[in-house]
Ligand SMILES: Nc1ncnc2c1ncn2[C@@H]1O[C@H](COP(=O)(O)OP(=O)(O)OP(=O)(O)O)[C@@H](O)[C@H]1O
Ligand SMILES: [Mg+2]
């Protein structure tokens, strides 16, 4: 479905991604793990066309993304739930959700998708008229996820959805991710919460200093000695 | 007491127009993150359009209103698309250079006007330019009342657009978080172009409605750019609601200053308020209202 091949990405003169390649098959949960500064967010931003790779290609269902403008990527069916939630703080919860459904198809099903999001997160319905900036961290993450779902994407990318949340909330966020996946949505997940993520994913890639150093099923990596030592602290 | 109320009325009527000027400036500041130092010069262009339509074609300023608004909308779009957006593509150019560019645009507009119209004072003398009506001994300028009404309608329409339509929400989204807006599929460059168009259109409306009671010369843009700047600082940078309060405040300060201190101090008082706000209420009225 999504195929990233040999991308090199720079911030100005500074190279951050080195020859990164990976693939996401339809219906799967694919995970990108790595330490701080490894380049995980950079990878997702490049897929979303916020950044342009200096070389390499990105294709989504046969369409080239690496030279497309960011709004085209959204139209093609890729939603990006960014690191740090990035809600529109002065807009209400409901307006944030509306902002997720600008593309014409998502727009025509806006009311329907919104009630689905409210079913998923009842607390958001209670707070729908509240400015998003005044919500708790966990609630904000729910809005960010809901805003991604509002786009009715084919592929949804999550950048560290568990960051800064209490363990109980983290568990429920992962539960939601599993659920949307079981309803047919393909997931690309970036996480530092390695143990949890590897156990729910179909395929995982390890990103270190801007390069993919390992790949395999979640199971394989969970039992890999290097992963155990470097990421699981065993 | 009569003088007081007369001054109050004058200040509020003027403040309505100032709010319109400030609203456009605040939108531009919010979305583009820059101060548009050609704002008053755009208004000057709209005033000359109004003058030409009246003087050569006999078009009443209020009929000229849609024409000047559409013209300035297009001029704003042109400026953003071909003069400001290209600057953002070059990474080595600081964002401040866009502000410098607006200064240049302002100068070009002013000198072009001087070239075409010379530096002479112009005005649009309509049948109602000096018409007044009285309520309880206080006089109301017909033209200014009408302008105030139009300003309210335009402002209300603008807020409806910003709050209730997808396009309006996109403008607010880009102002609040450009990158996140792009992740939602917003074409941020197009939104910037649209916003500059709208800002120019609003200030054009203010300029055209001022024409029946004001005078015009090429350098009139500068003072109005300063006023727009003061209004947005008063209101809190980029705050649209704040700009309305800022506009009314400036209108009132100028009116009371002119009545109780002296006509010559009108402009200075606005700037004194401006400095006081920067010193004692940085962030402007937005700090108080949080909107
Ligand atoms: N805007 C930027 N300008 C310059 N360098 C940047 C920029 N954003 C990120 N970097 C650098 O690129 C590298 C990769 O950053 P990135 O945000 O992709 O890491 P990450 O894997 O998402 O890390 P984290 O887990 O902390 O979110 C880091 O060394 C970072 O300092
Ligand atoms: Mg990151």
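Throughout, read-outs are computed from the coordinates displayed, never taken from laboratory work. Since the structure is predicted, the reported quantities are computational estimates derived from the model, not experimental observations. Note that we place each Cβ from the backbone using ideal geometry, even for glycine, and neighbour counts take in every protein chain shown.
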Legend entry - Among B:178, B:120, B:85: highest mean-square fluctuation, GNM of chain B, C-alpha pairs under 10 Å: B:120
Legend entry - Bridge type composition, chain A - antiparallel percent by DSSP, nearest 5: 55 percent
Inset, instruction - Identify which of B:118, B:141, B:71 has the largest mean-square fluctuation in a Gaussian network model of chain B, with springs joining Cα atoms closer than 10 Å. - result: B:118
Inset, instruction - Enumerate the whole-percent occupancy of each 5 Å bin, from 0 to the last occupied one, for all C-alpha pair distances of region B:2-218. - result: 1, 7, 14, 18, 17, 15, 12, 8, 5, 2, 1, 0, 0
Legend entry - Nearest-ten-degree value, helix B:166-176 long axis tilted from longest Cα axis of chain B: 80 degrees
Legend entry - Computed [θ] at 222 nm, deg cm²/dmol, chain B (DSSP H ≥ 4; -39,500 (n - 2.57); rounded to nearest 500): -24500 deg cm²/dmol
Inset, instruction - Mind grabbing the base-10 log of I(q)/I(0) for region A:57-122 at q = 0.20, 0.22, 0.28 Å⁻¹? Debye formula, identical points on the C-alpha positions, no solvent, two decimal places. - result: -0.95, -1.06, -1.27
Legend entry - Stretchable slack from residue A:112 to residue A:64, in nm (0.36 nm times residue separation minus alpha-carbon distance): 14.2 nm
Legend entry - Between 0 and 90°, nearest 10: helix A:137-149 axis offset from chain A longest Cα axis: 90 degrees
Inset, instruction - Starting from one equal scatterer on each C-alpha and no solvent at all, send me the Debye-based log10 I(q)/I(0) for the protein assembly as shown at q = 0.06, 0.10, 0.13 Å⁻¹, two decimals. - result: -0.37, -0.85, -1.17
Legend entry - Equivalent ellipsoid dimensions for chain A as semi-axes, Å, which come from the Cα gyration tensor, largest first: 28, 21, 16
Legend entry - Calculated Rg and Dmax of region B:56-147 using C-alpha coordinates, Å: 19.6, 62
Inset, instruction - Report the dimensions of region A:6-131 along its three principal axes from the alpha-carbon atoms, largest first, rounded to Å. - result: 46, 31, 26
Legend entry - region B:199-291: C-alpha gyration tensor shape, a/c 1.5 cut-off, then a/b vs b/c: oblate
Inset, instruction - Could I have the simple spin-label model distance between residue A:128 and residue A:14, label points 7 Å from Cα toward Cβ, reported in nm to one decimal? - result: 4.3 nm
Inset, instruction - Any chance you could give the angle, 0 to 90 degrees and rounded to 10, that helix A:110-120 forms with the longest Cα principal axis of chain A? - result: 70 degrees
Inset, instruction - Please work out how much length the chain gains when fully extended from residue B:63 to residue B:156, using 0.36 nm per residue of separation minus the C-alpha to C-alpha distance, in nm with one decimal. - result: 31.4 nm
Inset, instruction - Between the alpha-carbon centers of region A:180-203 and region A:11-79, tell me the distance in whole angstrom. - result: 17 Å
